[in-house]
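Undergrad: The structure follows.
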Amino acid sequence: MRDIKILLVGGGGREHALAWKLMQSPRVSEIVCAPGNAGIESLARCVPVAADDIDGLCALAQAERPGLAVIGPEVPLALGLADRLFALGVPVFGPNAHCAQLEASKSFTKAFLARHGIPTAGYREYTDAEALRKDIGVFGFPMVLKADGLAAGKGVILAQDTEEAKRAVSVLMEQRAFGAAGERVVVEEFLRGTEASVLCFVDKGAIVPMESAQDYKRIFDGDEGPNTGGMGTYSPSLLFDEEMERRVCEEILLPTLAGFQADGLDFHGVLFVGLMLTAEGPKVIEFNNRFGDPETQSVLPRLKTDLLDILLAVCEDRLAETEIEWDRTLRAVCVVMAAGGYPGDYSKGDVIEGLDAAAEDALVFHAGTKRDGDGRIVTAGGRVLGVTGLGATHEEAREKAYAGVSKIRFYGAQFRKDIGKF
Ligand code: AMP
Ligand code: GLY
C-alpha cells in the first residue's frame, strides 16, 4: 500500500540518490523535496524552499503532513530542523541539534572521543590567535588546523611549516575565511595512513555499518589540489577487509554507541565515520551526521532492502531487529562532474547535454542542476552530476561510469579520470 508521503530536504546528488532509492519502496506514495534539483524533479514534487530555511520547511511540513522527513544536508540538522519537525509530530530521519554538534563542532567531537577513549588524533583547542601562534608546531609538522564549525568540508588546513601555519592562523581566526567557524580552532596531531569512511545507521540501541565506500576528496587526479566535497567514490572499498571491519566495529563503532548512551545523545540517522587507517589501527578523523555525498551515490544502488523500512526502523528504535541486505555481487563507481573552477569560483547557467545518452550506461544523479526559463537543464552548483556505473566487477562498474561521463557535455566540465583506478 502506498501510504507514506516523504518530505526530503536538500537538493544535491545525495538527495537525488535517496529519492531514487525511496521511490522503489512499495510504501512511498510521494516525495516532496525542498528544494530538489532538475534530476530530482523526475521523481518528486520539488518545492522552492531552501534547505536552510527552517521556518519555511516547518511551514511546508505543516501543509504537507508527511509520514516521514528525511534531512540530507548538515546545515539544517545543525540549525535544529529535526527538533522542530519532531515537535510538529513528524517522524524524522536525521539527528537533533544536540547530536548534530558531532559534525558542526570539532571541539564537541574531540571531547566526546577523548571522554570515551575512542582512538583519534591528540588535540588542543584555541580561541585566541596569539596563544595559537605560540603553539605552532606543538605536534610537529604538517600541522593540522581545523575551524571549529561547519565549513562545507573546507575548514581544515594542513600547514607544512611555520610560515604556512602563521598564514593559516590568520586566515582562520583573523580574516575569518570560514566565518564564525574560525572563533575556535582545533589543532591536531597529524595522522599517517590511508583514509576510509564508514556510514552507519544509528538509533538508540544499534549502530549498523553500511557497505563501505572510498571517497576522493581532492579536485585533481593523483590526489592533487585543494579539498572538495568529494569528486568520486567506489563501493565496496578495497581497503576494508573483514579484519579491518571487525576492528572498526569493536574499537570505534560500539564504543561510540555506548558513548551516545552514556551521554544521553539520542541519535537517529546516519553517522558517517571518517577514519585514518594508521599503523596503530583505525582512528577517527571526523564524524558527519548524515549520508555522505558522493558516497550515497555508490552505496545505495547496492542496497537490496527497502530503504524506507530501514529509515522507519531507525525512527522507531527498531534497527537492532531489522535485517539489512546488500547486493555484495554488485560493484559501483561514482564519478563527479564539477563546474570549471570548483572548488573555487565557478560558472553557472551552462547548458548540460547528453544526459539521456549517459543514462544508457550509468545512473546519472543530479547535484547542482536546474531548469532555465526555456526548460533546458543547466549547471547551478559546484558539483553538477554524479555518474554511477554498476557492474559485476569493479572494472565493469568503472567502465560504465566513464562511458556515461564521456557522453555528457557542459562548459568547463571537470572530473577526475582516476576514480576507482588502482
Ligand atoms: P575533516 O574535515 O576533519 O575530515 O578533514 C578534512 C581532511 O583533512 C581529511 O579528510 C584528511 O585528509 C585531512 N585530515 C584531517 N585531520 C587530519 C589529521 N589529524 N591527520 C591527517 N590528516 C588529516
Ligand atoms: N564525501 C564526504 C562528505 O560527504 O562529507
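The values are calculated or read from the model by the stated rules, or taken from the named source; none is laboratory data. Being a predicted model, the structure only gives us computed values, none of them experimental. Note: ideal-geometry Cβ built from the backbone for every residue, glycine included; neighbour counts use all protein chains shown.
Undergrad: Which pairs do you get when a residue that is within 21 Å of ASP309 (Cβ to Cβ) and among the aromatic types (Phe, Trp, Tyr), found in segment 266-284, comes within reach of a residue that is more than 13 Å from ligand 2 (Cβ to nearest atom) and part of a strand (DSSP E or B), reach meaning Cβ atoms under 7 angstrom, with the pair 6+ apart or on two chains?
TA: Pairs found: PHE267/VAL202.
Undergrad: Can I ask one more? Could you list, in sequence order, all residues of segment 106-132 that are out of contact with any strand residue (DSSP E or B) (no Cβ under 9 Å at 6 or more places or on another chain), farther than 25 Å from ALA279 by Cα and of a type outside the set (A, V, I, L, M)?
TA: PHE108, ASP128, GLU130
Undergrad: I'd like the residue in segment 144-177 that is near ligand 1 (Cβ under 10 Å from one of its atoms) and outside any loop (DSSP other than H, G, I, E, B) and, out of all such residues, is surrounded by the fewest Cβ atoms within 10 Å (Cβ to Cβ).
TA: LEU158
Undergrad: Right, something else. Looking at segment 266-305 only, could you name the residues that are surrounded by fewer than 19 Cβ atoms within 10 Å (Cβ to Cβ), in a loop (DSSP other than H, G, I, E, B) and not charged (D, E, K, R)?
TA: If the condition is that a residue be surrounded by fewer than 19 Cβ atoms within 10 Å (Cβ to Cβ), in a loop (DSSP other than H, G, I, E, B) and not charged (D, E, K, R), then ALA279, THR305 are the ones that fit.
Undergrad: Here's something else I'd like to know. Which numbered condition in (1) among the hydroxyl-bearing types (Ser, Thr, Tyr); (2) closer than 26 Å to GLY269 by Cβ; (3) within 16 Å of ligand 2 (Cβ to nearest atom) is the only one that TYR123 fails?
TA: Tallying (1) among the hydroxyl-bearing types (Ser, Thr, Tyr); (2) closer than 26 Å to GLY269 by Cβ; (3) within 16 Å of ligand 2 (Cβ to nearest atom), TYR123 fails exactly one: (3).
Undergrad: TYR123 is checked against (1) crowded, with 17+ Cβ neighbours inside 10 Å; (2) more than 22 Å from the chain's Cα centre (by Cα); (3) more than 14 Å from ligand 1 (Cβ to nearest atom) and fails just one. What number does that condition carry?
TA: (3)
Undergrad: Scan (1) buried (at least 17 other Cβ atoms within 10 Å of the Cβ); (2) free of Cβ contacts under 8 Å to residues at least 40 places away in the same chain; (3) more than 21 Å from the chain's Cα centre (by Cα) for the single condition ILE54 breaks and write down its number.
TA: Every condition holds for ILE54 apart from (3).
Undergrad: Counting only residues that are touching a residue at least 40 places away in the same chain (Cβ under 8 Å), under 17 Å from LEU191 (Cβ atoms) and among the aliphatic types (A, V, I, L, M), how many does segment 104-145 have?
TA: Of the residues in segment 104-145, 7 are touching a residue at least 40 places away in the same chain (Cβ under 8 Å), under 17 Å from LEU191 (Cβ atoms) and among the aliphatic types (A, V, I, L, M).
Undergrad: Then there's this: All but one of (1) at pLDDT 95 or above; (2) part of a helix (DSSP H, G or I); (3) more than 15 Å from ligand 2 (Cβ to nearest atom) hold for GLU245; state the number of the condition that does not hold.
TA: Status for GLU245: all satisfied but (1).
Residue-by-condition table, conditions (1) farther than 30 Å from THR393 by Cβ; (2) within 16 Å of ligand 2 (Cβ to nearest atom); (3) out of contact with any strand residue (DSSP E or B) (no Cβ under 8 Å at 6 or more places or on another chain):
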position: GLY230; (1), (2), (3): no, yes, no
position: THR233; (1), (2), (3): no, yes, no
position: ALA258; (1), (2), (3): yes, no, yes
position: LEU265; (1), (2), (3): yes, no, yes
position: HIS268; (1), (2), (3): yes, no, no
position: ASN289; (1), (2), (3): yes, yes, no
position: GLN297; (1), (2), (3): no, yes, no
position: LEU307; (1), (2), (3): no, no, yes
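Undergrad: Could you look through segment 383-411, keep only residues that are touching a Leu at 6+ places or on another chain (Cβ under 8 Å) and part of a loop (DSSP other than H, G, I, E, B), and pick out the one that is farthest from ASP356 (Cα to Cα)?
TA: Selected residue: ALA392.
Undergrad: If you don't mind, another one. Name the strands (runs of 3 or more DSSP E) wholly within segment 187-227 that hold at least 1 residues that are within 16 Å of ligand 1 (Cβ to nearest atom) and not hydroxyl-bearing (Ser, Thr, Tyr)?
TA: Values: elements: 194-202, 207-209, 218-220, 224-227.
Correct list: 194-202, 218-220, 224-227.
Undergrad: Please find, among ARG383, ARG371, ARG409, the residue that is crowded, with 21+ Cβ neighbours inside 10 Å and among the charged types (D, E, K, R).
TA: Numbers: ARG371 fails: crowded, with 21+ Cβ neighbours inside 10 Å; ARG409 fails: crowded, with 21+ Cβ neighbours inside 10 Å.
Selected residue: ARG383, the only one of ARG383, ARG371, ARG409 that is crowded, with 21+ Cβ neighbours inside 10 Å and among the charged types (D, E, K, R).
Undergrad: Are any residues in segment 351-373 over 18 Å from GLY13 (Cα atoms), in a loop (DSSP other than H, G, I, E, B) and modelled with pLDDT of 95 or more, and if so, which ones?
TA: Within segment 351-373, GLU360, ASP372 qualify.
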